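Working notes, beginning with the structure itself.
The values are calculated or read from the model by the stated rules, or taken from the named source; none is laboratory data. These numbers were taken from a predicted model, which means no experiment stands behind them. With ideal geometry, Cβ positions are generated from the backbone for all residues, glycine too; neighbour counts draw on all protein chains shown. Just so you know, the surface numbers come from the protein's heavy atoms only, side chains and all, with ligands and any DNA or RNA stripped out. Shrake-Rupley method; radii C 1.70, N 1.55, O 1.52, S 1.80 Å.
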Amino acid sequence: MGIHGLSKLIADESPSAIKQSDMKSYFGRKIAIDASMSLYQFLIAVRSEGHQLTSVDGETTSHLMGTFYRTIRLIENGIKPVYVFDGKPPEMKSGELEKRAERREEAQKNLTQAEETGNLVEVDKFSRRLVKVNKKHVDECKELLNLMGIPFIEAPCEAEAQCAAMVKAGIVYGTATEDMDSLTFGSPVVIRHLTFSETRRIPVQEYNFNKVLNGLELTQDEVIVFKNIIGKCFIDLCILLGCDYCDSIKGIGPKRAFELIKQYRSITKILENIDTSKYTVPENWLYEKAKQLFVEPEIQDPKTIELKWCEPDEEGLVKFLCGDRQFNEERVRSGSKKLSKARTGTTQVRLDSFFKILPSQTNNNKRKQKDITNSIGTLILVD
Amino acid sequence: MFEARLVQSSILKKILEAIKDLLNEATFECSASGIQLQAMDNSHVSLVSLNLKSDGFDKYRCDRNLSMGINLGSMTKIMKCAGNDDVMTMKAQDNADTVTFVFESPNQEKVSDYEMKLMNLDQEQLGIPETDYSCVIKIPSAEFSRICRDLSQFGESMIISCSKEGVKFSTAGDIGSANVKLAQTYNVDKEEEAIIIEMQEPVSLNFACRYLNSFTKATPLSPQVQLCMSSDVPLVVEYKIGDVGYIRYYLAPKIEEEDN
């Protein structure tokens, strides 16, 4: 899933691109949430004694539980979420999807085995690996969002690409996902861990795309005309790291990939220069096609998207969630009231919606980031 | 080389008290013209803008522009070590990663110096346009502080409305509602005790009490406070700091949600 090892590479090479904060600091922001990713998270994480929550008939309800309560938490914090669902997967992804199916089969086998031997830890581990978001989950989730008055969008293809386009168009502030390929699609702001459980106390991480490029020194040409090329250079890096759409060169890890890109600036150039006896380049490597998917993904024009947050349908929610799905009616009603309350009354405006943020001055004389806490306090005399 | 000497070190103490509610750390930008600080609070709702002119200091020298990223908690600790009558001098080398505070007692029998590590802060700077405000209100700072404190007992936010008749602060909450009206005063001996209202057109805006209460921590700096308001723009709360400069707070209003 996503780009192999990218988050670690950014953390190592461009730490200033990552900002830690908490959910509260996003109040007043509209945020596009990668729905498939959050549903997947909920299916894995929302459990009771190791089992998914189910309705009377044994149908899973973990995804509904997660979507309902975590969305309420976002709304209570003043965030306006919009969920973006995946459309049909791109053809290039079929290879990756096959691999995932294989892994799932493997996990199924292991699970049966573990169940036979009665190894509970293993059973838990493999049953989590078997989790898959299916159409029923998605449809139920959409119905729930409708009742909650939360907007959602169905992307023609990949949700991350659609989110990125919406952030670029300025209709939302950022993309909330765990999937790093949102950056490869060029989402200016990517937010991780936003829909995580409160009890885990994991800080929200924000990746700033431009700072990522700066930090990785992929912006040697400061001219804006070249911005496109620089972005592509980053895409090449992501493909080398390993993406969902094609294979990567065997024997090149994140470090090596980064060095090569810094040196040659593109995969084409790298292929001309590396020793192919040492590294196995995949046959008929479709990296150009993969790149094309990142550069010009199939998306709905953000200008045609209108986002509306509506009044929740309390009775509808009770009918949908309680009964067979066994949600506690009192809690559903109070949740609905919270959604409704957040809509009424006054909203605090952010100061940066009045005053423009000035471009940060790059100061070469600045002290090194690392020195902040560990500096021994020695005086450095320059001049 | 940067050096700034202030005979009244208590001014800097008061400035710190006035900003450390809102900010944990901030960058002091030192240049030949003086010291400036601009920073938003964590939630990006309010902004502190501090301006200290070079000629307000008793001695001031800044050869090269210097950005001093400072942890305000640490600076407060150091300032607590200064006596109220002490003379203070801030010193730093060009490109230094520390700043030194020197405190001298009035009769020079005691001299102490404290060195503090600087930080590299990556803070967003906002461009604040010059604005002609519809209402400019001057009131005694203690009065404003009292009103904010009193009204915040009743509700989370208060409405400040300014009209020909005067300025009204009002709030409502679970226990009830509260209103304070101030009328323009005419015959006052001292200007700082007066209530002066200059109004082009009436304005009414809603603000979170929490931030207003933080702003009033600047009350010891000045006997008078100035509020500037226009429809749909942030409020400006300004305290003059003697002849040295000013501290301004900007606060984004709360608005009625557009029904969608």
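(1) farther than 14 Å from A:G5 by Cα; (2) at pLDDT 85 or above: which one isn't true of A:I239, the others all being true?
Only one criterion is unmet by A:I239, namely (1).
Could you look through segment A:22-41, keep only residues that are within 11 Å of chain B (Cβ to nearest Cβ) and farther than 26 Å from A:E306 by Cβ, and pick out the one that is least open to solvent (accessible area, probe 1.4 Å)? Before the answer, list the steps.
Going residue by residue through segment A:22-41, those that are within 11 Å of chain B (Cβ to nearest Cβ) are A:22, A:24-29.
Retained after the next criterion (residues that are farther than 26 Å from A:E306 by Cβ): A:22, A:24-25.
Values: A:D22: 83, A:K24: 138, A:S25: 26 Å².
Filtering segment A:22-41 for residues that are within 11 Å of chain B (Cβ to nearest Cβ) and farther than 26 Å from A:E306 by Cβ, the one least open to solvent (accessible area, probe 1.4 Å) comes out as A:S25.
Residues to consider are A:T276, A:T347, A:T304; find the one that is within 22 Å of A:I171 (Cβ to Cβ) and open to solvent by 80 Å² or more (accessible area, probe 1.4 Å). First the steps, then the outcome.
Values: A:T276 fails: within 22 Å of A:I171 (Cβ to Cβ); A:T347 fails: open to solvent by 80 Å² or more (accessible area, probe 1.4 Å).
Exactly one of A:T276, A:T347, A:T304 is within 22 Å of A:I171 (Cβ to Cβ) and open to solvent by 80 Å² or more (accessible area, probe 1.4 Å), namely A:T304.
Would you confirm whether or not segment B:38-61 contains a residue that is open to solvent by less than 10 Å² (accessible area, probe 1.4 Å) and over 22 Å from the mean Cα position of the chain (by Cα)?
Checked segment B:38-61: no residue is open to solvent by less than 10 Å² (accessible area, probe 1.4 Å) and over 22 Å from the mean Cα position of the chain (by Cα).
Name the one entry in B:S170, B:S145 that is open to solvent by less than 70 Å² (accessible area, probe 1.4 Å), at pLDDT 95 or above and either in a loop (DSSP other than H, G, I, E, B) or within 14 Å of chain A (Cβ to nearest Cβ) (or both).
On the way: B:S145 fails: either in a loop (DSSP other than H, G, I, E, B) or within 14 Å of chain A (Cβ to nearest Cβ) (or both).
Answer to the check: B:S170.
Among the residues of segment A:287-323, write down those that are basic (K, R) and in a helix (DSSP H, G or I).
Keep residues of segment A:287-323 that are basic (K, R), which gives A:289, A:291, A:303, A:308, A:319.
Hits for segment A:287-323 are A:K289, A:K291, A:K303, A:K319.
How many of the residues making up segment B:67-77 are open to solvent by 10 Å² or more (accessible area, probe 1.4 Å) and over 25 Å from B:L212 (Cβ atoms)?
Of segment B:67-77, the ones open to solvent by 10 Å² or more (accessible area, probe 1.4 Å) are B:67, B:71, B:73-74, B:76-77.
Keeping just the survivors that are over 25 Å from B:L212 (Cβ atoms) gives B:67, B:71, B:74, B:77.
Qualifying residue count for the region: 4.
Do any strands (runs of 3 or more DSSP E) lying entirely in segment B:206-259 carry at least 1 residues that are over 24 Å from A:I79 (Cα atoms), and which ones are they?
B:224-229, B:235-241, B:245-251
Condition check: touching a residue at least 60 places away in the same chain (Cβ under 8 Å), away from chain A (no Cβ under 14 Å) and over 24 Å from A:K356 (Cα atoms). Does B:C209 satisfy that? So that I can check it myself, show each step before the final result.
Details: touching a residue at least 60 places away in the same chain (Cβ under 8 Å): yes; away from chain A (no Cβ under 14 Å): no; over 24 Å from A:K356 (Cα atoms): yes.
No; evaluated as a whole, the condition is false for this residue.
So if I check each of B:A26, B:A32, which one is open to solvent by less than 10 Å² (accessible area, probe 1.4 Å) and among the hydrophobic types (A, V, I, L, M, F, W, C)?
On the way: B:A32 fails: open to solvent by less than 10 Å² (accessible area, probe 1.4 Å).
Checking each option against the conditions leaves just B:A26.
Let me spell it out: the conditions are (1) more than 14 Å from chain A (Cβ to nearest Cβ); (2) touching a Leu at 6+ places or on another chain (Cβ under 9 Å); (3) aromatic (F, W, Y), and B:Y186 meets all of them except one. Which number is the exception?
Result: B:Y186 passes all but (2).
Looking at A:L97, A:L64 in this structure, which one is under 28 Å from A:Q326 (Cβ atoms), of a type in the set (A, V, I, L, M) and assigned to a helix (DSSP H, G or I)?
Working: A:L97 fails: under 28 Å from A:Q326 (Cβ atoms).
That would be A:L64, the only listed residue that is under 28 Å from A:Q326 (Cβ atoms), of a type in the set (A, V, I, L, M) and assigned to a helix (DSSP H, G or I).
Quick check on segment A:168-183: of everything there that is among the hydroxyl-bearing types (S, T, Y) and assigned to a loop (DSSP other than H, G, I, E, B), which residue is nearest to A:I305 (Cα to Cα)?
Quick first cut of segment A:168-183, residues among the hydroxyl-bearing types (S, T, Y) only: A:173, A:175, A:177, A:182.
Restricting the remaining residues to those that are assigned to a loop (DSSP other than H, G, I, E, B) gives A:173, A:177.
Values: A:Y173: 15, A:T177: 20 Å.
Within segment A:168-183, the match that is nearest to A:I305 (Cα to Cα) is A:Y173.
Going through B:S67, B:S46 one at a time, which residue ends up being among the polar types (S, T, N, Q), within 13 Å of another protein chain (Cβ to nearest Cβ) and under 19 Å from B:L221 (Cβ atoms)? Show your work before the answer.
Working: B:S67 fails: under 19 Å from B:L221 (Cβ atoms).
It is B:S46.
Identify all residues within segment B:237-260 that are within 14 Å of another protein chain (Cβ to nearest Cβ) and over 25 Å from B:G173 (Cα atoms); write none if there are none. Write out each step before concluding.
Residues of segment B:237-260 that are within 14 Å of another protein chain (Cβ to nearest Cβ), as a first pass: B:237, B:248-260.
Within segment B:237-260, B:R248, B:Y249, B:N260 qualify.
Specify which of the listed residues (B:I70, B:I78, B:I35) is at negative phi, of a type in the set (V, I, T) and part of a helix (DSSP H, G or I).
On the way: B:I70 fails: part of a helix (DSSP H, G or I); B:I35 fails: part of a helix (DSSP H, G or I).
Sole residue among the options that is at negative phi, of a type in the set (V, I, T) and part of a helix (DSSP H, G or I): B:I78.
What residue, among those in segment B:95-127 that are part of a loop (DSSP other than H, G, I, E, B) and open to solvent by less than 30 Å² (accessible area, probe 1.4 Å), is farthest from the other protein chains (Cβ to nearest Cβ)? Full working, then the answer.
Residues of segment B:95-127 that are part of a loop (DSSP other than H, G, I, E, B), as a first pass: B:95-97, B:105-110, B:118, B:120-124.
Of the ones still in play, those that are also open to solvent by less than 30 Å² (accessible area, probe 1.4 Å) are B:96-97, B:105, B:118, B:120-121.
Values: B:A96: 6, B:D97: 5, B:S105: 26, B:L118: 7, B:N120: 5, B:L121: 9 Å.
Checking each candidate, the answer is B:S105.
Can you spot a residue in segment A:304-317 that is under 30 Å from A:S94 (Cα atoms), out of contact with any strand residue (DSSP E or B) (no Cβ under 8 Å at 6 or more places or on another chain) and away from chain B (no Cβ under 14 Å)?
Yes.
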